[in-house]
Amino acid sequence: MEKRYTSEHVETWRREGAVVVPEFFEKEEIAEVIADFDIIFPDRKVEAEALKKKRQGEVGNKLPLQLSGKKMGKTTMEQFRNFENIPFDCSHALNLIAVHPALIVFARSALNTEDVKLYQAQAWAKFTGEADFDQAFHCDFGNHTLTVPSEDECFNSIAFIIYFTDVTEAHGPTHYVNRSDSKNFDGLKRFLKHREDLSHQKELRSFERSAAGPAGTLLAYGIDVFHRGTNLTAPGGYRYAVTSCFKKAGNDAIGYTAWPWHFTKPWHKIFEHASPDQLSCFGVPLPGDSFWTDETLALAQLRYPNWDMSEYKSFISLN
Ligand SMILES: O=C(O)CCC(=O)C(=O)O
Ligand SMILES: [Fe+2]
């Protein structure tokens, strides 16, 4: 497989907790994912346009989203209106993009392990005017662990936000602060003591970097890294993004999604197109694992009749 990133990207992620890799995904992959977004979030553009008109009516010609770049942003439920967990009723392109082989390889080298598990993957569409997407700086550890980030990033996790549309400053790029600039653990102390510390927010702003980039760009970051969503201001603008988070297998300190909780979703879309390596990211035992017996193979095949289990079965016949 050709490399879509360099070892420097991984080193930067280890050292600074965040790195942007422009155009990680290829044109064809992007086109397929965009087509799927249009399916799972139908009429969203239309809706957003209507919403924008309504709001313009309410506050004259001024959009609320243009209020100010200086005020402290806020995380609100509105920002997550078009935010959903995999799997989706669309093609396998979007369903499998969070476990693209190149992402798995990146996560393995970042976390310094061969065995990684996916514990979060969502599709997230944002439209200009749908919400004020400006957030305050925060770290994501709050909903990825019950305690605090480890000092060893390999015991934390690697989170990706991937853009499938072109993201300029007017399309709500994620802004982030390198660990060395946020004075990492001091920053975390300030954040835990007083989440809405304006002077801390101002300080972080002076170091903020942008993950803006063309479609296919990804931001890799850690759960201890200060970052924030920013507003979309481009007229009629939208941002299609996918989140994908990996942890080292067996790291029970980290979690977010229990995949079987989403059992009513169309998992066959994933099983019918994923490699054993990709399925292993969801916790499916690899071919050759002692979990697989004649009985479990037969039952799993009944659950997913169109799943190609030949690799799993071939191990049994070898024994
Ligand atoms: O959407 C983004 O760019 C970042 C959002 C974010 O950091 C969050 O909601 O935790
Ligand atoms: Fe966040």
Subject >> Evaluated over the range 68-136, the Cα radius of gyration and Dmax, each in Å >> reply: 16.1, 46
Subject >> Share of pairwise Cα separations in the chain, more than 26 Å, in percent >> reply: 50 percent
**OP:** With a point put 7 Å past each Cα toward its Cβ, work out how far residue 234 is from residue 72 in nm, to one decimal.
**Re:** 3.1 nm
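For the chain, what does the helix formula give at 222 nm: sum of -39500 (n - 2.57) over DSSP H segments with n ≥ 4, over the residue count, nearest 500 deg cm²/dmol?
That calculation yields -9500 deg cm²/dmol at 222 nm.
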**OP:** Can you tell me the 0 to 90 degree angle between the C-alpha axis of helix 184-193 and the longest principal axis of the chain, rounded to 10?
**Re:** 70 degrees
**OP:** Using R₀ = 30 Å, calculate the FRET efficiency as 1/(1 + (r/R₀)^6) where r is the Cβ-Cβ separation of residue 210 and residue 261; round to 0.05.
**Re:** 0.30
Subject >> Dimensionless Rg over Rh [the range 196-250; C-alpha; Kirkwood] >> reply: 1.02
**OP:** Please determine, in degrees from 0 to 90 and to the nearest 10, the orientation of helix 44-58 with respect to the longest principal axis defined by the Cα atoms of the chain, where the helix direction is its Cα long axis.
**Re:** 20 degrees
Original post:
Using a simple spin-label model with points 7 Å from Cα along the Cα→Cβ vector, what separation in nm is obtained for residue 3 and residue 296?
Top reply: 3.6 nm
Original post:
Taking R0 as 25 Å, what's the FRET efficiency between residue 253 and residue 114 from their Cβ-Cβ distance, rounded to 0.05?
Top reply: 0.80
**OP:** Express the relative contact order of the chain as a whole percentage, based on alpha carbon pairs under 8 Å and six or more residues apart in sequence.
**Re:** 27 percent
Original post:
What is the distance in Å between the Cα centres of the range 118-167 and the range 174-228?
Top reply: 12 Å
Original post:
Considering the alpha-carbon set of the range 216-319 alone, what are its Rg and its Dmax in angstrom?
Top reply: 18.7, 62
Original post:
Computed on alpha carbon atoms, what radius of gyration and Dmax characterise the range 110-231, expressed in Å?
Top reply: 14.8, 43
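Taken together, the values in this text are just the output of simple stated rules run on the coordinates, not laboratory data. This structure is a prediction, so every number in the text was calculated from the model and none was measured. Reconstructed Cβ throughout: ideal geometry from the backbone, glycine too, with neighbour counts over all protein chains shown.
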